[in-house]
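A.B. asks: Can you read through this structure? Questions will come right after.
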Amino acid sequence: MSVEPDRSGSVVVGTGPVSARDVVRVARDGVAVVVSEQAFAAVEESRARIEALAASPWPVYGVSTGFGALAVRHIPPESRQGLQRSLIRSHAAGSGAEVEREVVRALMLLRLSTLATGRTGVRPVVVRTVAALLSAGITPVVYEYGSLGCSGDLAPLAHVGLAVIGEGTVRDAAGELRPAAEAMAAAGIAPVELAEKEGLALINGTDGMLGMLVLACHDLRALLRLADVTASMSVEGLLGTDKVFAADLQALRPQPGQAIAAANMMRVLADSPIVAGHATPDCTVVQDAYSLRCAPQVAGAARDTLDHAERVAGHELASAVDNPVVTLDGRVESNGNFHGAPVAYVLDFLAIVVADVASMSERRTDRFLDKARNHGLPPFLADDPGVDSGHMIAQYTQAAIVSDLKRLAAPASVDSIPSSAMQEDHVSMGWSAARKLRRAIDGLTRVLAIEALTAARGLDLRAPLTPAPATAAVVATLRTAVPGPGPDRYLAPEIEAAVRLAASGALLAAAESVTGPLG
């Protein structure tokens, strides 16, 4: 696929943090980057300190010594370029499937941001080269396995480092696989001959797991709003009540996310003839099931967890993670800031949230299909029950995904496998936590899409009753890609069409075209 770099509205990388929005723009939209003059001044200042230490007879870790368990060996000046090059080559030991372009671009931007702080001691040429690769749309090939999340994402970053020195394989702006040297030459970018400390500075960071956290938070923020919409559609289609979402009831338990989710649902269900009909004195339903009545409590807790994850991401975006690091007063100090625990924990926490929100969604879908619980709808929402199966197996698909999400919710960050001859005797597994969260986000998107598809069918079958204006807008958007009720059809393409509408934001946008922006 051709992905031409976007040079309009370039992201400026300075000595301060890049924003989460900038990460998304560079990672997904191909936006180019520009390094500020202030950042180059800071880089030059710290490089002078590294060069002074390199000329000293005293060994300094990462400057004139080996690494990890080999840090005790002093490296003579004539071998130091080879040392940095060997570090990159040896640590580029990834395996497995190729990592997504957006993830690699995110980690490149975040490593560039740290280099630009002036706390790593690299020369300006290294900063310029990483920026040039991003702006040219050249994406190094990074592999699924290899990072233990301490010291940072070594293997993934080393594959990026290979491209910086003109080695390894990349994808060019058109998405074609090419040798790095060839793609760089075509873009007018010269490979870098690494000097002291520079190889280490290219690979010692939490940038991969952080990039995936930022992208996941961006996606989950929209999916939680969509979950409020699909839950509202299910409440309406199952003849539920909106009374339990009243603001004064929610205020009795002042969890902030819960109040937002309940307010969203009230707005989506506003002016619903179906819900109004349920409020009559002859209605025999006393209480709705938990999957309907407690939707704001679960989606709200998910929001509060996401808020915490975004705070952690914000702290990490403002970090200069390297080892050793050049301090503001010119010291070069070893440290443990590369350990990925803060990021790993919230990545795992979000996987729990995703699994639970999806689990509740699946339960609502199941209620639509059960004649004993769906208040007058046909079994499985089938056109001719017995001849037709309706959405029976769509719920099976949801259940299979939810089962997978429960497995993905098992935390990676509780594991640790010592490495580097026991020098690195506790690791975060943050990269693994991030990889499984990406899969989980995809699963939640699919589960919510199937709920929307099923709820829309249920609402159609309530005719002549009509749904709320907001839910009707969602149904209408679905109907642009998926026909309404009728005899059984090939269901997989319809599910995928709903998934595309969910993932693109079209379903949420349809609801918000009536309600305005949801919380």
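A.B. asks: Within 24 Å of the chain's Cα centre (by Cα) and modelled with pLDDT under 95: does that describe P17? Full working, then the answer.
C.D. replies: Details: within 24 Å of the chain's Cα centre (by Cα): yes; modelled with pLDDT under 95: no.
Judged against the criteria, P17 is not a match.
A.B. asks: Can you tell me which condition S8 does not meet? The list is (1) over 30 Å from L215 (Cα atoms); (2) of a type outside the set (D, E, K, R); (3) at pLDDT below 95, and all the others hold.
C.D. replies: (1)
A.B. asks: Tell me which residues, restricted to region 302-320, are out of contact with any helix residue (DSSP H, G or I) (no Cβ under 6 Å at 6 or more places or on another chain) and either of a type outside the set (D, E) or in a loop (DSSP other than H, G, I, E, B) (or both).
C.D. replies: If we filter region 302-320 for residues that are out of contact with any helix residue (DSSP H, G or I) (no Cβ under 6 Å at 6 or more places or on another chain), which is where we start, we get 307-308, 311, 314-315, 317-319.
Passing the criteria: H308, R311, G314, H315, L317, A318, S319.
A.B. asks: Can you tell me how many residues within region 105-140 are open to solvent by less than 10 Å² (accessible area, probe 1.4 Å), touching a Ser or Thr at 6+ places or on another chain (Cβ under 9 Å) and outside any helix (DSSP H, G or I)?
C.D. replies: Count: 6.
A.B. asks: I've got another one for you. From the set of residues in region 249-289 that are farther than 25 Å from E512 by Cβ and at pLDDT 95 or above, which is nearest to the chain's Cα centre (by Cα)?
C.D. replies: Applying the filter and picking the extreme gives P254.
A.B. asks: How do the pairs read when you match residues in region 394-416 that are open to solvent by less than 60 Å² (accessible area, probe 1.4 Å) with residues anywhere that are in a loop (DSSP other than H, G, I, E, B) and hydroxyl-bearing (S, T, Y), using Cβ under 7 Å and keeping only pairs 6 or more apart or on different chains?
C.D. replies: S413/S428
A.B. asks: Can you tell which of S389, S419 is out of contact with any Lys or Arg (no Cβ under 7 Å at 6 or more places or on another chain), of a type in the set (S, T, Y) and modelled with pLDDT under 95?
C.D. replies: On the way: S389 fails: modelled with pLDDT under 95.
Unique residue meeting the criteria: S419.
A.B. asks: Taking the conditions exactly as written (surrounded by fewer than 20 Cβ atoms within 10 Å (Cβ to Cβ), at pLDDT 95 or above and out of contact with any Gly (no Cβ under 6 Å at 6 or more places or on another chain)), does R363 satisfy them or not?
C.D. replies: yes
A.B. asks: Here's another thing I want to ask about it. Which residues, counting only those in region 294-329, are closer than 23 Å to A116 by Cα, over 16 Å from the mean Cα position of the chain (by Cα) and open to solvent by less than 20 Å² (accessible area, probe 1.4 Å)?
C.D. replies: Filtering region 294-329 down to residues closer than 23 Å to A116 by Cα leaves 310-329.
After this cut, where a residue has to be over 16 Å from the mean Cα position of the chain (by Cα) as well, the list is 315, 318-329.
Result: V321, D322, N323, P324, V326.
A.B. asks: When you go through (1) assigned to a helix (DSSP H, G or I); (2) among the basic types (K, R); (3) open to solvent by 50 Å² or more (accessible area, probe 1.4 Å) one by one for K436, which number turns out not to apply?
C.D. replies: Going through (1) assigned to a helix (DSSP H, G or I); (2) among the basic types (K, R); (3) open to solvent by 50 Å² or more (accessible area, probe 1.4 Å) one by one, K436 breaks only (3).
A.B. asks: Being in a helix (DSSP H, G or I) and in contact with a Gly (Cβ under 7 Å, 6 or more places away or on another chain) narrows it down to one of G458, G443, so name that one.
C.D. replies: Answer to the selection: G458.
A.B. asks: Looking at this structure, is A163 surrounded by fewer than 21 Cβ atoms within 10 Å (Cβ to Cβ) and more than 23 Å from S413 (Cβ to Cβ)? Full working, then the answer.
C.D. replies: Details: surrounded by fewer than 21 Cβ atoms within 10 Å (Cβ to Cβ): no; more than 23 Å from S413 (Cβ to Cβ): yes.
Answer is no for this residue.
A.B. asks: Considering every residue within region 58-68, establish whether at least one is more than 30 Å from L437 (Cα to Cα), of a type outside the set (V, I, T), assigned to a helix (DSSP H, G or I) and open to solvent by 40 Å² or more (accessible area, probe 1.4 Å).
C.D. replies: The answer is no, given that none of the residues of region 58-68 is more than 30 Å from L437 (Cα to Cα), of a type outside the set (V, I, T), assigned to a helix (DSSP H, G or I) and open to solvent by 40 Å² or more (accessible area, probe 1.4 Å).
A.B. asks: Go through (1) over 15 Å from M360 (Cα atoms); (2) polar (S, T, N, Q); (3) surrounded by fewer than 24 Cβ atoms within 10 Å (Cβ to Cβ) and name the single condition S291 misses.
C.D. replies: Just one mismatch for S291, condition (1).
A.B. asks: Kindly establish whether A222 is at pLDDT 95 or above and out of contact with any Gly (no Cβ under 9 Å at 6 or more places or on another chain). So that I can check it myself, show each step before the final result.
C.D. replies: Working: at pLDDT 95 or above: yes; out of contact with any Gly (no Cβ under 9 Å at 6 or more places or on another chain): no.
It is false that A222 is at pLDDT 95 or above and out of contact with any Gly (no Cβ under 9 Å at 6 or more places or on another chain).
A.B. asks: Report every pair of residues separated by at least 6 positions or lying on different chains whose Cβ atoms are under 7 Å apart, first residue within region 196-220 and closer than 21 Å to V447 by Cα, second acidic (D, E) and assigned to a helix (DSSP H, G or I).
C.D. replies: Going by the 7 Å Cβ cut-off, the qualifying pairs are L215/E102; C217/E310.
A.B. asks: Any residue in region 454-470 that is crowded, with 24+ Cβ neighbours inside 10 Å, of a type in the set (D, E) and over 21 Å from V214 (Cα atoms)?
C.D. replies: The answer is no, given that none of the residues of region 454-470 is crowded, with 24+ Cβ neighbours inside 10 Å, of a type in the set (D, E) and over 21 Å from V214 (Cα atoms).
The values are calculated or read from the model by the stated rules, or taken from the named source; none is laboratory data. The shown structure was predicted, so the numbers you read here are calculated from the model rather than taken from an experiment. All Cβ positions, glycine included, derive from the backbone under ideal geometry; neighbour counts span all protein chains shown. Accessible surface areas use protein heavy atoms only, side chains included; no ligands, DNA or RNA. Shrake-Rupley method; radii C 1.70, N 1.55, O 1.52, S 1.80 Å.
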